[in-house]
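The values are calculated or read from the model by the stated rules, or taken from the named source; none is laboratory data. Nothing here was measured: the structure is a model prediction, and the numbers come from that model. FYI the Cβ positions are ideal-geometry reconstructions off the backbone, even for glycines, and counts take in every protein chain you see. Each accessible area value is taken on the protein alone, full model and side chains, heavy atoms only, with ligands, DNA and RNA left out. Shrake-Rupley method; radii C 1.70, N 1.55, O 1.52, S 1.80 Å.
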Amino acid sequence: MKRVSPEPLGDLPIRMSVGTSVRSRAARVAAVAASRKRLDERWQRMRRRDVWNRIGVCLAAALVIWVVGGGWSRPFPYRSGYIPPRDVVAREAFGFKNGTPAEKIFAAGDTIVEGGKPLTPRDLQVLHAEHLTHTGQANWSDRLFYSLAKIGIVLALYALCGYYVYFHDRVLLSDWRRLTRLLVIVVVTVTAAVLVSRDAWRAECVPLVLFGMTLAIVSRREVALVLSLAVALVITLSLGQGLHELMVLTAAVSGPVIMLDRVRSRTKLIYVGLYGAAIMFVAVVGIGLLADQTFGAMYAAGWSPVDEGLTAQAGFATKLMSGAAWYAACVILAGFLMTGLLPFTERLFDVQTDISLLELGDAAHPLLQELAQRAPGTYNHSINVAALAETAADRIGANGLLVRVGAYFHDIGKMLKPLYFVENQGRDGNQHDSLVPAMSTLVIIAHVKDGVDLGRQYRLPQSIIAFIEQHHGTTLVEYFYRQAERQVAEAQQGGKVEEASFRYPGPKPLTKESAVLMLADAAESACRTLVEPTPARIEGLVHEITMKRLLDGQFEKCGVTLMELNVIEESLVKSLTAVYHGRIKYPDQQTA
């Protein structure tokens, strides 16, 4: 046997390095190509008209906010009760008349107000006169640079918030109407905050808290918190305030937004306002002690439980406490106002709180009453599916109440042709016996479109109509499809049944709640066909239904995970086993 001499070791590193170099060059080329492809895709997306429409609306809103905040000139930064940390000197020479013919002249560099003392109304008048003189003498370049800087900050906040929303709540950006309404609310909030920020009120936190609570109801709490903080910064800049005032506004809006979870009762928002007020009181006292400042309008406006003269001589602690109480009262007021504005918020953004869902799920709803009269079998099926789906949805952290109400209405389209569905058929026979499979499939599939039409006719919310559209996804009407295949095979014509003609039009479930309803609907219907619904048979049937829809790609767009599907399956098995549990047979009972 010929012995093969080993390959010199010195050649190995050379060949290995050459191979590595080739692979790295190929990887770099592929990376460059992928990067160019991504850039091309983004450019093509940016060229779409709807994208430029959204950008235009955002720019228009930013321009309005810039105008409301007086973007061409610096705002007057002082307020009554403010304690300057140092002496305030005149930047320009100016004159001031204090209601007398004589005019007091201040030269540039003269001390206007001494530091360490609260500003009085006369101090504010002098400071305002100096401010008008200084801003009036500013040249056009200073005004231009200041305006560009201010609108640049607003646009930067828009970009940062838009980037965050794009990854956390893309619906706010993709839905043209929602985005427009959101921008309108932002503009209204900033405008209202500027209007109510005068010394007599100092209630700029009320519009901000209303904005934060509205977004917490419409969207997710973290999105509401980020956007509220951005609006608080815009309000602070528009008023010419500093870091401490921004901290006060942040404390005002953060507490209610964080605590506002699900609105299940009409007093929920009031309690949120009360809890937020407690947080606000503590925060204002803490910020005031750190900054050696007082906040709020109670001292400035002069209304106090004690005499006005005594109030003027009140100590720092009294002023700080009264200001904190004022801001706390503003947060409570925002809670009461939000309670009254809640129905309008739901209609404006087409969202449903638990209150509206409970009202919508009332058995006295005209659509449910009609369903119970015209298709009692379907009505009973919907009630059972609702119980199954709500329990399963709660198990995976989804909105169980929304699923329950959606299940009540998911089959309302069947009331138009109730006898074509097995749960409503009596002893008169099956209506499909006289139809070919393709026609029967059209009748079955039509209940989805009929249900959507009825939902819109009765003005059901879009979130409920989505359950009607998605509860079958694009699944196959398997019974009639198999029947059509048998007929073609028996005819021996060599034809082929088109599977797409026997599928529902969709769309596939887009939310976890719709996915839960799809499985609960199929499982409840299938379990009725079991002759002996033992726990083992129920478990096997539910697993088969789940796997069939998973492999069919029905859960591709809803974000449900395999672990959550397993939890849903376990919940459905447990609930169905309880429904079809066995009973003790009495000695004299006859077999049915």
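If you check L229 against the conditions, is it surrounded by fewer than 21 Cβ atoms within 10 Å (Cβ to Cβ), modelled with pLDDT of 90 or more and touching a helix residue (DSSP H, G or I) at 6+ places or on another chain (Cβ under 8 Å)?
Yes: the conditions hold for L229.
For segment 425-433, state whether one or more residues are over 23 Å from the mean Cα position of the chain (by Cα), closer than 30 Å to A484 by Cβ and at pLDDT 95 or above.
Within segment 425-433, the first condition is being over 23 Å from the mean Cα position of the chain (by Cα), and the residues that meet it are 425-433.
Retained after the next criterion (residues that are closer than 30 Å to A484 by Cβ): 425-433.
Next, only the ones that are at pLDDT 95 or above stay: none.
Among the residues of segment 425-433, not one is over 23 Å from the mean Cα position of the chain (by Cα), closer than 30 Å to A484 by Cβ and at pLDDT 95 or above, which makes the answer no.
Which of the residues spanning segment 528-543 are surrounded by fewer than 22 Cβ atoms within 10 Å (Cβ to Cβ) and either modelled with pLDDT of 95 or more or in a helix (DSSP H, G or I) (or both)?
P535, A536, R537, E539, G540, L541, H543
Can you pull out the residues in segment 355-366 that are buried (at least 17 other Cβ atoms within 10 Å of the Cβ), out of contact with any Asp or Glu (no Cβ under 6 Å at 6 or more places or on another chain) and part of a helix (DSSP H, G or I)? Please lay out each step first, then the result.
Filtering segment 355-366 for residues buried (at least 17 other Cβ atoms within 10 Å of the Cβ) gives 355-357, 360-361, 365.
Add one more test, that the residue is out of contact with any Asp or Glu (no Cβ under 6 Å at 6 or more places or on another chain), and what stays is 355, 357, 360-361, 365.
Of everything in segment 355-366, those that are buried (at least 17 other Cβ atoms within 10 Å of the Cβ), out of contact with any Asp or Glu (no Cβ under 6 Å at 6 or more places or on another chain) and part of a helix (DSSP H, G or I) turn out to be I355, L357, L360.
Among the residues of segment 268-297, how many are of a type in the set (A, V, I, L, M) and in contact with an Asp or Glu (Cβ under 8 Å, 6 or more places away or on another chain)?
Adding up the residues that qualify gives 1.
Could you list, in sequence order, the residues of segment 339-354 that are under 19 Å from I185 (Cβ atoms), part of a helix (DSSP H, G or I) and open to solvent by less than 50 Å² (accessible area, probe 1.4 Å)? Don't jump to the end; show me each part of the working.
Here is the first cut: in segment 339-354, the ones under 19 Å from I185 (Cβ atoms) are 339-353.
In the following step, the residues that additionally are part of a helix (DSSP H, G or I) were identified as 339-349.
Across segment 339-354, the qualifying residues are T339, G340, L342, T345, E346, F349.
Just one of (1) in contact with a Leu (Cβ under 7 Å, 6 or more places away or on another chain); (2) free of Cβ contacts under 8 Å to residues at least 60 places away in the same chain trips up A523, so point out which.
Evaluating A523 over (1) in contact with a Leu (Cβ under 7 Å, 6 or more places away or on another chain); (2) free of Cβ contacts under 8 Å to residues at least 60 places away in the same chain leaves (2) as the failure.
May I ask you to say which residue of V68, V29, V57 is farther than 30 Å from T135 by Cα, surrounded by 13 or more Cβ atoms within 10 Å (Cβ to Cβ) and at pLDDT 70 or above? I'd like the intermediate steps shown before the answer.
Working: V68 fails: farther than 30 Å from T135 by Cα; V29 fails: surrounded by 13 or more Cβ atoms within 10 Å (Cβ to Cβ).
Step by step, each of V68, V29, V57 is checked, and only V57 is farther than 30 Å from T135 by Cα, surrounded by 13 or more Cβ atoms within 10 Å (Cβ to Cβ) and at pLDDT 70 or above.
On the basis of being at pLDDT 90 or above and open to solvent by less than 80 Å² (accessible area, probe 1.4 Å), does L460 make the cut? Let's see the steps before the verdict.
On the way: at pLDDT 90 or above: yes; open to solvent by less than 80 Å² (accessible area, probe 1.4 Å): yes.
The answer is yes for L460.
Restricting to segment 400-428, name every residue that is open to solvent by 40 Å² or more (accessible area, probe 1.4 Å) and assigned to a loop (DSSP other than H, G, I, E, B).
Taking segment 400-428 as the starting set, the residues that turn out to be open to solvent by 40 Å² or more (accessible area, probe 1.4 Å) are 404, 416-417, 419-420, 422-423, 425-428.
The answer is K417, Q425, G426, R427, D428.
For the subset of segment 98-107 comprising residues that are touching a strand residue (DSSP E or B) at 6+ places or on another chain (Cβ under 8 Å) and open to solvent by 50 Å² or more (accessible area, probe 1.4 Å), which member is nearest to R198 (Cα to Cα)? If you could, list the steps in order and put the result at the bottom.
Looking only at segment 98-107, we keep the residues that are touching a strand residue (DSSP E or B) at 6+ places or on another chain (Cβ under 8 Å), and these are 98, 103-106.
From what's left, open to solvent by 50 Å² or more (accessible area, probe 1.4 Å): 98, 103-105.
On the way: N98: 21, E103: 27, K104: 26, I105: 27 Å.
Among them, the one singled out is N98.
What are the pairs with Cβ atoms under 6 angstrom where one residue, in segment 369-381, is farther than 14 Å from Q425 by Cβ and open to solvent by less than 10 Å² (accessible area, probe 1.4 Å) and the other, located anywhere, is of a type outside the set (D, E) and in a helix (DSSP H, G or I)? Sequence gap at least six, or different chains.
Hits for this filter: L371/Y379; L371/I412; L371/M415.
Which of (1) open to solvent by 10 Å² or more (accessible area, probe 1.4 Å); (2) in contact with a helix residue (DSSP H, G or I) (Cβ under 9 Å, 6 or more places away or on another chain) does Q492 not meet, given it meets every other one?
For Q492, the exception is condition (2).
Need the failing condition index for I465 against (1) at positive phi; (2) of a type outside the set (S, T, Y); (3) surrounded by 15 or more Cβ atoms within 10 Å (Cβ to Cβ), just the number.
If we test I465 against (1) at positive phi; (2) of a type outside the set (S, T, Y); (3) surrounded by 15 or more Cβ atoms within 10 Å (Cβ to Cβ), just (1) comes out false.
Would you be able to tell me the number of residues in segment 382-399 that are closer than 18 Å to L576 by Cα and open to solvent by less than 20 Å² (accessible area, probe 1.4 Å)?
Summing the residues that are closer than 18 Å to L576 by Cα and open to solvent by less than 20 Å² (accessible area, probe 1.4 Å) in segment 382-399 gives 7.
Name the helices (runs of 4 or more DSSP H) wholly inside segment 232-338 in which the number of residues that are touching a helix residue (DSSP H, G or I) at 6+ places or on another chain (Cβ under 9 Å) and either modelled with pLDDT of 95 or more or open to solvent by 20 Å² or more (accessible area, probe 1.4 Å) (or both) is 3 or more.
Numbers: elements: 243-259, 268-291, 298-301, 308-312.
In segment 232-338, 243-259, 268-291, 298-301 are the helices (runs of 4 or more DSSP H) which contain 3 or more residues that are touching a helix residue (DSSP H, G or I) at 6+ places or on another chain (Cβ under 9 Å) and either modelled with pLDDT of 95 or more or open to solvent by 20 Å² or more (accessible area, probe 1.4 Å) (or both).
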